[in-house]
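Asker: Below you'll find the structure I mean.
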Amino acid sequence: MSERVAEPGRQPGVIGQGFANLWRGIRDEPRLFAVATVGGCLFTLTGVANSLVLGEATDRVVIPAIRQGHADWSAVALAAAALSVVGLARALGMLLRRLAGGTVVFRLQARHRHAVTRQYLRLPLSWHQRHSTGTLLSNANADVEAAWAPVMPLPFALGALVMLVVALVLLVVTDPVLALIGFVIFPTFGVLNVWYGRRVWPLYSRAQQLRGEVSAVAHESFDGALVVKTLGREEDETARFAVRAEQLRDAMIHAGRLRGLFDPVMEALPNLGILLVLLVGAIRIDAGAMDVGQLVRVAYLFTLLAFPLRAFGWVFGDLPREVVGYDRVDAVLRARGHEAYGPRTLTAAGPASLRLDAATYAYPPADLTGDPSEPASPGDPPARPVVDAVSFEVAAGSVVAITGRTGAGKSSLVNLLARLVDPQAGAVLLDGVDLRELAVGEVSRAVAVVAQQAFLFDDTVRANVTLGADNTDDDVWAALRRAQADGFVAALPDGLDTMVGERGTSLSGGQRQRIGLARALIRAPRLLVLDDATASVDPRVEAAILADLRERAGASTVVVVAQRRSTIALADEVIHLDAGRVIGRGRHEELLASSPRYAALLTAYEAAARAAGAIPEPAVSEPAVSEPAVSEPAVSEPAVSEPAVSEPAVSEPAVSEPAVRELEAEAAP
């Protein structure tokens, strides 16, 4: 773990580290913070001025009026004018302090939220796979707020510090004996703050960690609402959330109890000082050592000293939580795992050539340290590669299908092709250039990926297709036509301006997939990667989409991950994966004839479709899976000899994954 993340029970110099963090924020907004500090000083110094005015008013107005039985109204008017001027100056100081101080806080929070979000987008997929969504949301929200919470009372505390110095000087000048009481109170205040920081820091650290866990559980429950509802797991999810929420509650209560003890003591200290001042002051008045006006001035100064103590209490009370929040945010900003980029660019036009040279990739273990800046521990056992020394070439403009059993490594291979992750060994080359040597943005400009689960933003159809790019509506409609999505989009209430809802909930799965495909096609990618991207599409619609890709073969190099025979038949070449390795490669007909495992895979899928009633039983029974596939010539299969588009009625529909997995297991050698 990072050295900055302390173990529970340890306190890594909370006060010093907290003020060092705040100083970084002050340097980001020096002018506004200076205005807030001037306002804080004006506010507090007018309090000292009030003590002087009250003392003079007592000696020149109140006492003479009591002795003479009537007031000197000119003196009363002068005192009222002086108090009004001081009051207006005090109001101006409060306005400057709160307005400028609030602006500083909100700017710092916004700046760091942007920084955290940019860092999330820069970090590779392998880093995100190690951290829960709830924790990352907590970093960008609750931790950022905690990191800059003490900035708001800080200008007031600095103004109070100035007032404290002035007040102590006035105390010494007015009565040195009573001033000694103040010099006893303030060291006590410092000792209590150090004690409080040491005790409360680990409690706030635990609470911030639990905030992330609560967010993670809530995010999973809401994101998986369909599963929770359909399987009747509401009570179980509620109980799972309640456990984390109660743990957070207990941690916050423990911290709250400690602060509940700290805050009253901070409030009581100046009041105890006032009681002592009144007691000692009465004795000194009887002894003739001071007059009533001086006692009023000293008592009021001690009342003012409550403000510095409260202001310091607000700042010091928030420092432990600030340190925890800042550390968690800083851990994200310091996170290692940045993708390395080179200076090279892809200057060629048209479809790109693709080559994998012994590419190997294994998923990193999940993060258990709680420190987003740390990679997996060197002591962790190596994970089994999900892509294991895979090598193949794809000629520019050709169509290659990748198939294999569930868990064979197909989607992981797609991640490598789009450089969502980098191989731990070997290389992925586009036009002969290692993806790691390309400049920022080169891969995303050349490669487009359409995933099986198409993610749509809570925005219009147009925005989901263009993603902010400068495309005309004609471009959008052309891409939608190629994706066979123009018909249902035109039927939507507002056409391209129709809001699709969060994650595209107002659309079916097949409609979401077609909009995702249009999103890729509008960019005219040099390499188009389809990760089972038509699995939820009606077979006849899928046939039309595949026919368009076939007709436009050569516009892009196409890599398609598929299980359907009709989809695979589109390809110039098929690559068969199993356990992360290439176990077969060739044309569809060749693999059917030479690879029993490949034939068994397709047969398992078709059997699942027939079991679901989606495909009629053949008039002549097919040979058993255990028989060599070579005994059945490829040409005797109508699905192979005819184009995919010529048989939409028998094209294989999407089949439930559990059924496919079961039959795959039975068909596996």
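The values are calculated or read from the model by the stated rules, or taken from the named source; none is laboratory data. Please read these numbers as outputs of a predicted model, since none were measured by experiment. Ideal geometry is used to build each Cβ from the backbone, glycine not excepted, and the neighbour counts take in all protein chains shown. Only protein heavy atoms, including side chains, enter the accessible area calculation; ligands, DNA and RNA are left aside. Shrake-Rupley method; radii C 1.70, N 1.55, O 1.52, S 1.80 Å.
Asker: Determine which member of the set Gly350, Gly288, Gly370 is under 30 Å from Glu213 (Cα atoms) and either among the small types (Gly, Ala, Ser) or at pLDDT 80 or above (or both).
Answerer: Going through Gly350, Gly288, Gly370 in turn, just one is under 30 Å from Glu213 (Cα atoms) and either among the small types (Gly, Ala, Ser) or at pLDDT 80 or above (or both): Gly370.
Asker: Also, quick follow-up: Looking for something outside any loop (DSSP other than H, G, I, E, B) and modelled with pLDDT of 85 or more - is there at least one such residue anywhere in segment 532-541?
Answerer: So far as segment 532-541 goes, no, none of its residues is outside any loop (DSSP other than H, G, I, E, B) and modelled with pLDDT of 85 or more.
Asker: Any idea how many residues of segment 337-347 are modelled with pLDDT of 70 or more and open to solvent by less than 40 Å² (accessible area, probe 1.4 Å)?
Answerer: Going through segment 337-347 one residue at a time, the tally reaches 2.
Asker: Just to be sure, is Thr103 over 30 Å from Asp143 (Cβ atoms), of a type outside the set (A, V, I, L, M) and in contact (Cβ under 8 Å) with a residue 60 or more places away in the chain?
Answerer: No: the conditions fail for Thr103.
Asker: Related question: Residues in segment 101-115 that are closer than 17 Å to Arg334 by Cα and surrounded by 21 or more Cβ atoms within 10 Å (Cβ to Cβ): how many?
Answerer: Adding up the residues that qualify gives 1.
Asker: Identify the single condition in (1) open to solvent by 20 Å² or more (accessible area, probe 1.4 Å); (2) modelled with pLDDT of 75 or more that Leu125 does not satisfy, given that it satisfies every other one.
Answerer: Failed condition: (2).
Asker: Using the structure shown, decide if Val461 is buried (at least 21 other Cβ atoms within 10 Å of the Cβ) and in contact with a strand residue (DSSP E or B) (Cβ under 8 Å, 6 or more places away or on another chain).
Answerer: No; evaluated as a whole, the condition is false for this residue.
Asker: When you check Asp475 against the structure, is it at negative phi, assigned to a loop (DSSP other than H, G, I, E, B) and open to solvent by 10 Å² or more (accessible area, probe 1.4 Å), yes or no?
Answerer: no
Asker: Would segment 172-186 turn up any residue that is of a type in the set (Ser, Thr, Tyr) and surrounded by fewer than 18 Cβ atoms within 10 Å (Cβ to Cβ)?
Answerer: no
Asker: Please return the ranges of helices (runs of 4 or more DSSP H) entirely within segment 112-222 where 2 or more residues are without any contact (Cβ under 8 Å) to a residue 40 or more places away in the chain.
Answerer: Ranges flagged: 154-174.
One line per residue, one yes/no per condition, for (1) within 22 Å of Val166 (Cβ to Cβ); (2) among the acidic types (Asp, Glu); (3) modelled with pLDDT of 75 or more; (4) crowded, with 23+ Cβ neighbours inside 10 Å:
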| position | (1), (2), (3), (4) |
| --- | --- |
| Gly293 | yes, no, no, no |
| Val296 | yes, no, no, no |
| Gly313 | yes, no, no, yes |
| Val324 | no, no, yes, yes |
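Asker: Another question about this same structure. For the structure I just gave you, tell me whether Arg540 is open to solvent by 10 Å² or more (accessible area, probe 1.4 Å) and in contact with an Asp or Glu (Cβ under 6 Å, 6 or more places away or on another chain).
Answerer: So Arg540 fails the test.
Asker: Same structure again: Could you check segment 502-521 and list, in sequence order, the residues that are within 13 Å of Arg482 (Cα to Cα) and of a type in the set (A, V, I, L, M, F, W, C)?
Answerer: Correct list: Ile515, Leu517, Ala518, Ala520, Leu521.
Asker: Just checking, does segment 233-243 include any residue being surrounded by fewer than 16 Cβ atoms within 10 Å (Cβ to Cβ), at pLDDT 75 or above and closer than 21 Å to Tyr204 by Cβ?
Answerer: Yes, some residue in segment 233-243 is surrounded by fewer than 16 Cβ atoms within 10 Å (Cβ to Cβ), at pLDDT 75 or above and closer than 21 Å to Tyr204 by Cβ.
Asker: As an exercise: evaluate Gly134 against (1) buried (at least 19 other Cβ atoms within 10 Å of the Cβ); (2) more than 16 Å from the chain's Cα centre (by Cα) and give the number of the one condition it does not meet.
Answerer: The single condition Gly134 does not satisfy is (2).
Residue-wise test of (1) of a type outside the set (Lys, Arg); (2) at pLDDT 85 or above; (3) in a helix (DSSP H, G or I); (4) within 43 Å of the chain's Cα centre (by Cα).
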| site | (1), (2), (3), (4) |
| --- | --- |
| Glu7 | yes, no, no, yes |
| Gly16 | yes, no, yes, yes |
| Arg27 | no, yes, yes, yes |
| Ala34 | yes, yes, yes, yes |
| Val48 | yes, no, yes, no |
| Leu52 | yes, no, yes, no |
| Ile66 | yes, no, yes, no |
| Ala77 | yes, no, yes, no |
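Listed here are the residues, each with its yes/no results for (1) closer than 27 Å to Arg90 by Cβ; (2) in contact with a strand residue (DSSP E or B) (Cβ under 6 Å, 6 or more places away or on another chain); (3) at pLDDT below 80; (4) open to solvent by less than 10 Å² (accessible area, probe 1.4 Å).
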residue	(1), (2), (3), (4)
Ser138	no, no, yes, yes
Ala146	no, no, no, yes
Val151	yes, no, no, yes
Ala167	yes, no, yes, yes
Gly197	no, no, yes, yes
Pro202	no, no, yes, no
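Asker: Here is a further query. Pairs under 7 Å by beta carbon, first residue under 11 Å from Ile522 (Cα atoms) in segment 468-485, partner of a type outside the set (A, V, I, L, M, F, W, C), six or more apart or different chains?
Answerer: Every condition considered, the pairs that remain are Val476/Arg462; Val476/Thr466; Trp477/Asp486; Leu480/Asp486; Arg482/Asp548; Ala483/Arg514.
Asker: Moving on. Considering each of Arg118, Arg98 in turn, give the residue that is among the charged types (D, E, K, R), open to solvent by 50 Å² or more (accessible area, probe 1.4 Å) and within 16 Å of Met152 (Cα to Cα).
Answerer: Arg98
Asker: Suppose we filter Ala469, Ala439, Ala485, Ala491 for residues that are out of contact with any His (no Cβ under 6 Å at 6 or more places or on another chain) and buried (at least 17 other Cβ atoms within 10 Å of the Cβ); which single one remains?
Answerer: Exactly one of Ala469, Ala439, Ala485, Ala491 is out of contact with any His (no Cβ under 6 Å at 6 or more places or on another chain) and buried (at least 17 other Cβ atoms within 10 Å of the Cβ), namely Ala485.
Asker: Let me ask something else. For Val329, are the conditions met, namely being under 30 Å from Gly18 (Cα atoms), crowded, with 22+ Cβ neighbours inside 10 Å and modelled with pLDDT of 85 or more?
Answerer: For Val329, the condition - under 30 Å from Gly18 (Cα atoms), crowded, with 22+ Cβ neighbours inside 10 Å and modelled with pLDDT of 85 or more - is met.
Asker: Any idea how many residues of segment 456-472 are assigned to a loop (DSSP other than H, G, I, E, B) and at negative phi?
Answerer: So the count comes out to 8.
Asker: Also, quick follow-up: If we keep just the residues of segment 259-279 that are surrounded by fewer than 18 Cβ atoms within 10 Å (Cβ to Cβ) and in contact (Cβ under 8 Å) with a residue 12 or more places away in the chain, which is farthest from the chain's Cα centre (by Cα)?
Answerer: It comes out as Leu278.
Asker: In addition: Which members of segment 442-455 meet the condition of being part of a loop (DSSP other than H, G, I, E, B) and surrounded by 17 or more Cβ atoms within 10 Å (Cβ to Cβ)?
Answerer: Correct list: Ala451, Gln452, Ala454.
Asker: Continuing with this model, one more query. Considering only segment 543-581, state which residues are in a loop (DSSP other than H, G, I, E, B) and open to solvent by 30 Å² or more (accessible area, probe 1.4 Å).
Answerer: Hits for segment 543-581 are Arg552, Ala553, Gly554, Ala555, Ala569, Asp572, Ala579.
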